[in-house]
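Only one structure is covered here, and it is reproduced in the block below.
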Amino acid sequence: MKHKNPYTDMTYADDPGLAIVEVRNEDSIFFHNPLVNIANNYPQHTAILQSDWADWLTEKYGTDTDLFAAWGDGVRTGDSLSNPAMGIYLSWEMPAEGPSSPAEMSRLGDWIQFLAERQREGYTNRRDELRGVGYDGLVLSTGW
């Protein structure tokens, strides 16, 4: 965005010919690919995602007691706010009809809310970065 076009002497951010910047096209954390085999293919990314998930849950619930009360029988072995490697759901575990174990409805709901907020934050950060370099045009992100 800071590159200056030698023909117009304007940066991309200032050029009115650049009407829209699409920061993501038809991409979403809810697509099949990002979460399908994340632990095996991207263990470092998985660790970051799991740690962020634990932090998000800590902010929401504060204590294991409150977390377990909210999740009820959907609590899994290893679930704890102090466990940064707590289990996550993969794409195929988030069907429209709900989890394969109905007891995990609240747990899965929190996971989906966490992902949605994280994705939205990514879009917002990218928009703010574009604004920070002076781009005033439209910024677009499409999920699907």
Failed item in (1) of a type outside the set (Gly, Ala, Ser); (2) modelled with pLDDT of 90 or more; (3) surrounded by fewer than 13 Cβ atoms within 10 Å (Cβ to Cβ); (4) closer than 19 Å to TRP111 by Cα, with GLU22 passing the rest: (4)
Where a residue in region 13-37 is under 16 Å from MET1 (Cα atoms) and part of a loop (DSSP other than H, G, I, E, B) and its partner, wherever it lies, is among the hydrophobic types (A, V, I, L, M, F, W, C) and open to solvent by 80 Å² or more (accessible area, probe 1.4 Å), with Cβ under 8 Å and at least six apart: ALA19/LEU138
Only listed residue being crowded, with 16+ Cβ neighbours inside 10 Å, farther than 27 Å from TYR135 by Cβ and polar (S, T, N, Q), chosen from THR46, THR11: THR46
Any pair with Cβ under 7 angstrom, 6 or more apart, that starts in region 78-90 at a residue that is in contact (Cβ under 8 Å) with a residue 40 or more places away in the chain and ends at one that is surrounded by 14 or more Cβ atoms within 10 Å (Cβ to Cβ): ILE88/LEU49; ILE88/GLN50; ILE88/TRP53; ILE88/TRP111; TYR89/LEU108; TYR89/TRP111; LEU90/LEU35
Test result for ASP55, surrounded by 12 or more Cβ atoms within 10 Å (Cβ to Cβ), among the acidic types (Asp, Glu), out of contact with any Lys or Arg (no Cβ under 8 Å at 6 or more places or on another chain) and in a helix (DSSP H, G or I): yes
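Right, GLY72: of a type in the set (Gly, Ala, Ser), open to solvent by less than 60 Å² (accessible area, probe 1.4 Å), assigned to a helix (DSSP H, G or I) and without any contact (Cβ under 8 Å) to a residue 60 or more places away in the chain or not? First the steps, then the outcome.
Numbers: of a type in the set (Gly, Ala, Ser): yes; open to solvent by less than 60 Å² (accessible area, probe 1.4 Å): yes; assigned to a helix (DSSP H, G or I): yes; without any contact (Cβ under 8 Å) to a residue 60 or more places away in the chain: yes.
So GLY72 fits the description; yes.
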Hits in region 103-136 - residues which are in contact with a strand residue (DSSP E or B) (Cβ under 6 Å, 6 or more places away or on another chain) and open to solvent by less than 70 Å² (accessible area, probe 1.4 Å): TYR123, LEU130
Some residue of region 28-43 being loosely packed, with under 14 Cβ neighbours inside 10 Å, polar (S, T, N, Q), closer than 24 Å to SER141 by Cα and out of contact with any helix residue (DSSP H, G or I) (no Cβ under 6 Å at 6 or more places or on another chain): yes
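The values are calculated or read from the model by the stated rules, or taken from the named source; none is laboratory data. Just so we're clear, the structure is a prediction, and the values are computed from it rather than from any experiment. Neighbour counts are summed over all protein chains in view; Cβ atoms, including those assigned to glycine, are modelled from backbone coordinates with ideal geometry. SASA here: full protein model, heavy atoms, side chains in, ligands and nucleic acids out. Shrake-Rupley method; radii C 1.70, N 1.55, O 1.52, S 1.80 Å.
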